[in-house]
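Values in this text are rule-based calculations from the coordinates and carry no lab data. Given the structure is predicted, the values throughout are model-derived calculations rather than measurements. For neighbour counting, all protein chains shown are included, and Cβ atoms are generated from backbone atoms with ideal geometry for every residue, glycine included.
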Amino acid sequence: MDISRNPAMPAGNPQLADAAPMPQQPLTVHRKDYRPPAWLVPEVHLTFDLALTCTCVTALMTVRRNPQAAREECICLLGDGIVAETVMVDGGIATGWHMEGDDLILPLAQDDAQITILTRLDPAANTQLMGFYASQGMLCTQCEAQGFRRISFFPDRPDVLSTYTVRMEGSAAQFPVLLSNGNCVQSGALDNGRHFAVWHDPWPKPSYLFALVAGRLVANRDDFTTRSGRKVDLAIWVRPGDEAGTAHAMQSLKHAMAWDEQVFGREYDLDVFNIVAVSDFNMGAMENKGLNIFNTRYILAEPDTATDADYDAIEGVVGHEYFHNWSGNRVTCRDWFQLSLKEGFTVLRDQLFSAAMGSDAVKRIEDVRILRAAQFPEDSGPLAHPIRPDSYQEISNFYTATVYNKGAEVIRMMRTMAGEDAFRKGSDLYFARHDGEAATCEDFISAMEDGAGLDLAGFRRWYEQSGTPHVSMTMKHDSSTGAVTLTFVQRLSASGDDQVPRPMVMPMKIALFDRSDSAPGEFRAQEHLLILDARECRFRFDGFGEAPMVSANRGFSAPINLDIAHDESRLQFLAMHDDDPFCRYEALQQILTTEVLATAAQGADTQRRRAITDIFSFTLADDRIDDLMRGELMTLPPISVLIETAAPADPVALQTARIALQAAIGTACADQLSAVHTRTAQHRYSLDAGSRGARKVRNHALFLLAAADGDAAARLAQRQYENADNMTDRQGALVAIAGVQTSLRDTLLEDFAQRYRDNALVIDKWYAIQAGAHHPHVLDQVSKLAKRDDFSLRNPNRVRALYMAMAGNPTAFHEASGAGYEMLARLILALDPINPQTAARFVPSLGRWRRIEPARSALMRDALKRLAASSYLSRDVREQVDKSLG
Ligand code: PHE
Ligand code: ZN
């Protein structure tokens with residue numbers, strides 16, 4: 001997660017990593033084709049004989065005909081790049097089986113059978129990081145969504161639930177720690193320096209939740225007693241030397257366990273909970289039952305190496321994976337089209353958790369910023385899909401901001417409409433009704449209707465329709481009667497099989513500020529919850545002598561684009577006084593967006609600028625808000641939001657205008673900003689809100705000052721860098737200076753590289769800062785960085801650090817010659833045979849061509865066409881490239 005937050009099963013036999021990969025045939029899977037599985041697998045026994053380059057896996061499966069499904073004469077066991085060395089049925093060698101592509105087809109006349117299959121794997125050669133792979137001498141698995149079939153032949157689909165018993169054996173020196181799901185039921189020494197362990201997981205689960213880890217690891221141990229008195233042993237496993245970095249993750253885990261009991265009534269259900277951190281991982285983390293596996297970046301944190309944002313992300317992701325134990329594991333998904341059932345709900349749960357641990361207001365603003373910056377562009381482009389897609393070629397490509405973040409917004413809307421208490425009744429009913437089952441989004445909605453007492457008939461459209469809804473609002477005020485009328489009109493779009501476009505149903509929170517009856521500086525208004533359920537909805541409010549100021553979509557109650565007839569003074573008022581923190585932030589964002597767009601198109605206008613710098617000045621002095629909130633109000637709209645709003649956009653002109661606006665603010669508010677910088681330097685480092693807030697506004701002050709006067713700010717940044725006792729300060733200083741052309745830049749970058757040369761996560765930051773910098777030679781620098789010895793296409797964190805930062809940096813990616821597009825296309829081609837899942841993640845950046853001005857747009861398409869013409873593309877990359885061009 002992360003969005004800062006994937007599985008794949010491309011071709012290429014892991015044993016034959018050097019052989020030329022075979023082109024893959026795209027095959028589209030449709031939601032409407034779902035059929036229940038013909039065979040169930042109540043029990044699985046796996047035996048692993050572990051070695052880095054040759055691990056032997058024996059799978060013993062008890063299979064039974066599914067009485068609910070049509071009879072089939074064969075069982076189809078899915079595989080991906082694996083070879084069956086032996087196949088046995090009920091203890092005898094089976095001969096009648098054959099392969100169909102990667103899958104093993106075995107005739108079975110009886111209703112029950114014991115099938116044993118032996119496969120041999122080479123984890124060290126598995127560069128896709130799907131299935132069973134080696135990372136820095138340790139062995140681990142990643143099975144979601146379809147990785148289990150790279151380990152053993154199996155009905156690898158989420159509606160086949162089994163209890164697993166896993167026996168591992170291997171060298172005690174090489175693999176001192178042996179972990180799998182559930183509880184360890186047996187372990188001991190064997191001859192020749194070998195040892196073994198047996199783990200049993202009593203909870204039936206789909207194969208995507210299976211996990212195994214073997215390696216030289218050390219644990220931070222703790223425990224948690226659940227509200228019914230079960231003592232749970234907790235352990236976070238890391239490489240020796242990394243223990244000190246696990247304290248915050250452990251705290252976060254204990255908070256998450258307590259919070260889920262209090263807020264959702266969910267208790268943990270095993271005696272042990274293990275987390276393992278690995279450095280080579282395609283995604284953020286994985287919720288395997290009782291054995292979560294994490295990307296190191298979401299576990300390890302110390303003040304000197306992790307920023308406040310990193311600490312927050314760790315808390316959020318640790319919570320997210322833990323919450324999956326109920327929303328995902330106890331109740332799982334019937335098929336992969338239902339992915340948002342577990343992901344949307346779990347993202348909402350982690351958002352609520354983080355809000356409860358920190359600032360509600362700021363968390364909501366951050367979540368909406370992520371939605372706007374990542375999901376809205378996805379929803380307006382060629383890769384748009386509903387939160388419950390109707391078809392896919394490669395499911396890994398659907399771990400998206402839409403399924404995750406918009407999915408969370410949709411469930412949040414149900415909560416807003418129901419209210420917290422009724423929502424809890426709905427979620428209780430959902431868990432009670434479907435515990436132990438593989439459920440659908442429809443099941444969730446029905447449970448919400450029955451448990452929370454909501455009618456969600458029209459609301460279901462959110463699951464079917466892609467695209468961000470557009471709603472426009474107008475206000476009429478009648479001064480003779482004091483009546484105010486608000487009219488909301490939805491722009492309807494048809495989708496899918498639907499001929500007649502239907503409206504979306506959504507909660508709309510609003511407030512009307514009556515300027516005539518507020519005390520100076522104090523503005524409060526009653527909040528109303530309106531439900532928009534038709535193309536046009538009208539609401540009347542009485543008692544307003546003067547036209548009020550409307551604050552609409554408070555808390556971003558609906559994930560839409562809301563147009564309100566343009567009115568500068570309304571926005572300026574809300575940007576300074578709205579008591580809904582999100583709407584205050586939003587009003588300012590709108591003012592700033594309009595200003596950047598106008599400057600990029602027609603140049604700056606002093607009067608508009610003055611209005612903005614006045615608001616900044618007001619904000620810097622406003623003692624009604626804390627520094628965490630002030631920091632939000634000092635943040636300019638992200639470049640991706642500007643591009644999205646301007647379409648067709650000239651990203652470089654927008655970037656230039658954005659920096660010019662920062663410079664104008666930095667100049668006009670220089671004294672106040674310097675004062676903020678000085679005031680906040682006194683704070684001692686801690687993780688409390690005051691101290692974090694101080695660091696946040698200090699960095700924002702520095703960025704604004706640096707845009708205004710690079711040389712002066714460089715000296716300020718250098719001091720901040722040298723005096724820093726934490727990464728937030730040090731990174732903030734480095735980011736500020738990386739955008740300034742000064743010799744100090746190289747000195748500090750070099751110092752940073754030396755200081756942290758042994759910490760891969762910090763070196764990732766160092767790569768990203770340079771690739772993300774607004775600097776004239778940034779593309780050359782990216783090329784140089786890619787040639788360093790510590791850069792490797794086999795480590796997804798490093799690849800993302802360099803190239804995601806490049807793709808998000810207009811100065812680099814949208815360089816006028818098209819060199820940035822070319823660089824990204826070359827990366828995709830080089831990475832695809834190594835790690836197709838991660839390679840596919842870079843395609844959407846090129847897919848944005850429709851929103852970009854014609855000259856660059858044509859160059860972006862050319863890059864996509866060259867990709868499309870390549871003789872080898874994985875299914876992952878092929879799907880994204882075809883759709884992006886289409
Ligand atoms: N299911 C994981 C999560 O959201 C994400 C993930 C998907 C991790 C696929 C690995 C592979 O928590
Ligand atoms: Zn998840």
FRET efficiency for residue 304 and residue 420 from the Cβ-Cβ distance with R0 = 35 Å, rounded to 0.05, comes out at 0.30
Tell me, how many Å apart are the Cα centres for the stretch 678-692 and for the stretch 29-65?
53 Å
If you build the convex hull over the alpha carbons only and average its shadow over all orientations, what do you get for the stretch 764-886? Give it in nm² to one decimal.
6.9 nm²
Over the Cα atoms of the stretch 386-426, compute the convex hull volume and normalise it per residue, giving Å³.
73 Å³
All Cα pairs of the stretch 49-118, percent lying beyond 18 Å
41 percent
At q = 0.18, 0.23, 0.25, 0.29 Å⁻¹, what base-10 log of I(q)/I(0) does the Debye formula yield for the stretch 668-722 when every alpha carbon is treated as an equal point scatterer in vacuo?
-0.55, -0.85, -0.97, -1.19
Over the Cα atoms of the stretch 138-177, what radius of gyration and what Dmax do you get, in Å?
13.0, 38
Here the stretch 250-386 gives, from Cα atoms, an Rg and Dmax in Å of 15.4, 46
Volume per residue that the Cα convex hull of the stretch 571-614 spans, once the total is divided by residue count, Å³
53 Å³
Would you compute, for the Cα atoms of the stretch 331-384, the largest minus smallest coordinate along each principal axis and list the three values in descending order, in whole Å?
35, 32, 7
Each residue of the stretch 476-485 in turn: what ³J(HN,Hα) in whole Hz from Karplus with 6.51, -1.76, 1.60 and θ = phi - 60°, glycine and Pro shown as x?
10, 10, 10, 6, 6, 9, x, 8, 10, 10
Compute the normalised compactness of the stretch 790-849: alpha-carbon radius of gyration over 2.2 N^0.38 Å, N being the residue count.
1.05
Extent of the stretch 163-210 along each principal axis, from alpha carbon coordinates, in Å, largest to smallest?
35, 18, 12
Above 18 Å lies some portion of the pair distances; for the stretch 543-592, what is it as a whole percent of all C-alpha pairs?
28 percent
Run through all the Cα pairs of the stretch 580-675 and give the fraction in each 10 Å bin from 0, expressed as whole percent.
16, 49, 30, 5, 0
Quick check on the chain: helices-only [θ] at 222 nm, where DSSP H runs of length 4 and up contribute -39,500 (n - 2.57) each and the sum goes over total residues. Nearest 500, please.
-12000 deg cm²/dmol
Need one number: % antiparallel among DSSP beta bridges in the chain, to the nearest 5.
80 percent
Whole-angstrom gap from the stretch 548-615 to the stretch 130-157, using each part's C-alpha centre:
49 Å
Just need the relative contact order of the stretch 258-411 here, percent rounded to a whole number, with Cα pairs under 8 Å and 6+ apart.
19 percent
Can you tell me the alpha carbon radius of gyration of the stretch 205-281 divided by the globular rule-of-thumb value 2.2 N^0.38 Å?
1.19
Taking Cα atoms only, Rg over Rh for the stretch 30-155 with Rh from the Kirkwood formula is 0.99
Quick one: what do you get for the stretch 533-644 if you divide its Cα Rg by 2.2 N^0.38 Å?
1.16
Calculate the radius of gyration of the Cα atoms of the stretch 96-149 to one decimal place, then report Dmax, the largest Cα-Cα distance, as a whole number, both in Å.
14.8, 46
Per residue, the convex hull enclosing the Cα atoms of the chain spans a volume in Å³ of 166 Å³
Among the trypsin sites (Lys or Arg not before Pro) in the stretch 788-886, which ones are in a DSSP loop with at most 12 other Cβ atoms within 10 Å of the Cβ? Mind listing them?
none
What one gets for the stretch 106-215 as the Kirkwood radius, inverse of mean 1/r over different Cα pairs in Å, is 15.1 Å
Please go through the stretch 610-671 and write out the trypsin sites (Lys or Arg not before Pro) that DSSP classes as loop and that have at most 15 other C-beta atoms within 10 Å.
624
At most 13 other Cβ within 10 Å, DSSP loop - trypsin sites (Lys or Arg not before Pro), the stretch 171-244:
227, 230
Roughly speaking, what % of Cα-Cα pairs in the stretch 817-881 are separated by over 18 Å, rounded to a whole number?
27 percent
Report, largest value first, the span of the C-alpha coordinates of the stretch 353-425 along each principal axis, in whole Å.
39, 27, 19
Kindly provide the pair-distance distribution of the stretch 644-771 built from C-alpha pairs, with 10 Å bins from 0 and whole-percent values in order of increasing distance.
12, 39, 34, 13, 1
